[in-house]
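Worksheet for the structure shown next.
The values are calculated or read from the model by the stated rules, or taken from the named source; none is laboratory data. Just so it is clear, the model here is predicted, and its values are computed rather than measured. Backbone-built Cβ (ideal geometry, glycine too); neighbour counts: all protein chains shown.
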Amino acid sequence: MSISEPLFRSLEAFIYREAELLDNHQFEQWLNLWDEHASYRMPVRVTHTKRQAGQEFQHNFGHFDDTKEMLAMRIKRLGTSAAWAEDPPSRTRHFVTNLRITGAETGPYLLKTNLMLYRNRGDSASHDILSAERHDTVHQVDGKWLILERVVYIDQASLGTLNLSIFL
């Protein structure tokens, strides 16, 4: 199914705004982009041989498997002294590209995007770069786009970061 240009542009603006909120540490506003019944998951990637194609991701366990309530708790914790993994806070830049959209005419829509995340902390010259494909299911409620589900398919089998205290 082909979607209209205005619908494509609206969804594109939505994902760019979401990245901006994350990069600017506007986590409460970012949380408002999530549906009450949302899920946010990142299955573990396991390296397999060519004969085991389609078995790269372990969907029965992952790096995280959060609900909106759990996201709210993570955000609340970031404001406390207990969030030592984010003190000083990470500086991030979310590069979201290659938007592909599928779905019924009235939604919900599946948004597939490529993500490159740059992360730096403190005064160190070192940085993390994470690459992934995101699958977001979104729908519109009262004229506002909301994320129903996000699955992050990370490209690395071994993560090149010390922690995942940031949002992808």
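Name the residue that is modelled with the lowest pLDDT, counting only residues in region 116-148 that are in contact with a strand residue (DSSP E or B) (Cβ under 8 Å, 6 or more places away or on another chain) and among the small types (G, A, S). The qualifying residue modelled with the lowest pLDDT is S126. Put simply, of R93, R119, R100 the only residue that is under 30 Å from S2 (Cα atoms) and part of a strand (DSSP E or B) is R100. What number of residues within region 140-149 are surrounded by fewer than 15 Cβ atoms within 10 Å (Cβ to Cβ) and in contact with a Phe, Trp or Tyr (Cβ under 8 Å, 6 or more places away or on another chain)? Residues in region 140-149 being surrounded by fewer than 15 Cβ atoms within 10 Å (Cβ to Cβ) and in contact with a Phe, Trp or Tyr (Cβ under 8 Å, 6 or more places away or on another chain): 0 in total. Against the condition at pLDDT below 95, closer than 17 Å to R134 by Cα and among the basic types (K, R), how does R17 come out, does it pass? Considered against the rule, which asks whether it is at pLDDT below 95, closer than 17 Å to R134 by Cα and among the basic types (K, R), R17 comes out as no. Pairing residues of region 51-67 that are among the charged types (D, E, K, R) with residues that are modelled with pLDDT of 75 or more and loosely packed, with under 10 Cβ neighbours inside 10 Å, at Cβ distances under 9 Å and at least 6 apart in sequence or on separate chains, gives E56/T47. Please tell me if D142 is out of contact with any Leu (no Cβ under 9 Å at 6 or more places or on another chain), closer than 22 Å to Q26 by Cβ and among the acidic types (D, E). It is true that D142 is out of contact with any Leu (no Cβ under 9 Å at 6 or more places or on another chain), closer than 22 Å to Q26 by Cβ and among the acidic types (D, E). Against the list (1) within 17 Å of F167 (Cβ to Cβ); (2) surrounded by 14 or more Cβ atoms within 10 Å (Cβ to Cβ), the condition G107 fails is (1). Just to be sure before I move on: is L164 within 21 Å of E56 (Cβ to Cβ) and not in a strand (DSSP E or B) in the structure I sent? In short, yes. Just one residue in the set T102, T97, T137 is closer than 19 Å to A19 by Cβ, loosely packed, with under 15 Cβ neighbours inside 10 Å and touching a residue at least 12 places away in the same chain (Cβ under 8 Å); that residue is T97.
Of the numbered criteria (1) closer than 20 Å to T137 by Cβ; (2) polar (S, T, N, Q); (3) modelled with pLDDT under 95, the one Q58 fails is (1). Cβ separations smaller than 9 Å between residues 6+ apart or across chains give the following pairs from region 149-160 residues that are closer than 13 Å to D65 by Cα and at pLDDT 90 or above to residues that are polar (S, T, N, Q) and crowded, with 17+ Cβ neighbours inside 10 Å: E149/S39; E149/T137; R150/S39; R150/T137; V151/S39; V151/T137.
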